[in-house]
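The values are calculated or read from the model by the stated rules, or taken from the named source; none is laboratory data. In this text, all values refer to a predicted model and were calculated from it rather than measured experimentally. Every residue, glycine among them, receives a Cβ derived from its backbone with ideal geometry; neighbour counts consider all protein chains shown.
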Amino acid sequence: MISKSVPSDWSALLALQRATHATLQVLATELVDLDLNASEINAMANLADGRGRTVSELGRAVGVRPTTLTSVLDRLERRGYISRGTRPGDRRVVVVELTSSGRSAATTIRESITRIEHRALGDLPAADVDVLRQALEALAGMSS
């Protein structure tokens with residue numbers, strides 16, 4: 001519930017948009033050598049744990065429909081960062097995995113994200129960061 005003490009012209013969504021744009025600008029600067037766009041960075045960051053994902057699973061993690069994700073995956077595959085294969089026992093399921101160069105790039109991306117997060121949120125109490133994460137998950141869940 002939004003507190004009544006919040007000014008009427010304040011919007012969490014507008015603040016989120018400003019934060020998103022600022023974060024993307026900082027990421028683009030820190031990761032300029034990788035020459036990836038925001039969607040590609042997002043996909044790679046979500047694969048950084050090394051676990052292969054189906055296109056549907058990755059789409060949910062990234063926050064886009066699988067059909068939208070296809071062009072991102074095409075570019076990452078052409079660059080040699082990912083491979084797409086089938087799941088043993090079910091050739092209809094496409095599984096996306098990082099290649100060795102993709103693992104290296106994904107590690108660089110996750111390290112950059114961690115640095116940015118610590119710079120921006122490091123002075124906040126852990127409980128506040130947890131509330132922020134919950135709020136962002138709630139907003140992300142609206143499209144489900």
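Observations, loosely collected:
- Of all residues making up segment 63-80, the number that are farther than 16 Å from Ala105 by Cβ and without any contact (Cβ under 8 Å) to a residue 24 or more places away in the chain: 7
- Wholly enclosed helices (runs of 4 or more DSSP H) of segment 2-72 bearing at least 2 residues at pLDDT 90 or above, farther than 21 Å from Glu137 by Cβ and among the polar types (S, T, N, Q): 12-30
- Within segment 8-54, the residues that satisfy the criterion of being small (Gly, Ala, Ser), touching a residue at least 60 places away in the same chain (Cβ under 8 Å) and under 15 Å from Glu97 (Cα atoms) are Ala45, Ala48.
- Within segment 101-113, not a single residue is crowded, with 16+ Cβ neighbours inside 10 Å, in contact with a strand residue (DSSP E or B) (Cβ under 9 Å, 6 or more places away or on another chain), farther than 15 Å from Ala48 by Cα and of a type outside the set (S, T, N, Q).
- Of the numbered criteria (1) part of a strand (DSSP E or B); (2) under 14 Å from the mean Cα position of the chain (by Cα); (3) among the β-branched types (Val, Ile, Thr), the one Val93 fails is (2).
- Contact map, segment 117-144: residues that are more than 17 Å from Ser11 (Cα to Cα) paired with residues that are surrounded by fewer than 12 Cβ atoms within 10 Å (Cβ to Cβ) and of a type in the set (Ser, Thr, Tyr), Cβ distance under 7 Å, separation 6+ or inter-chain. No pairs are found.
- Failed item, numbered, when Ala105 is tested on (1) within 24 Å of Ile82 (Cβ to Cβ); (2) out of contact with any helix residue (DSSP H, G or I) (no Cβ under 9 Å at 6 or more places or on another chain): (2)
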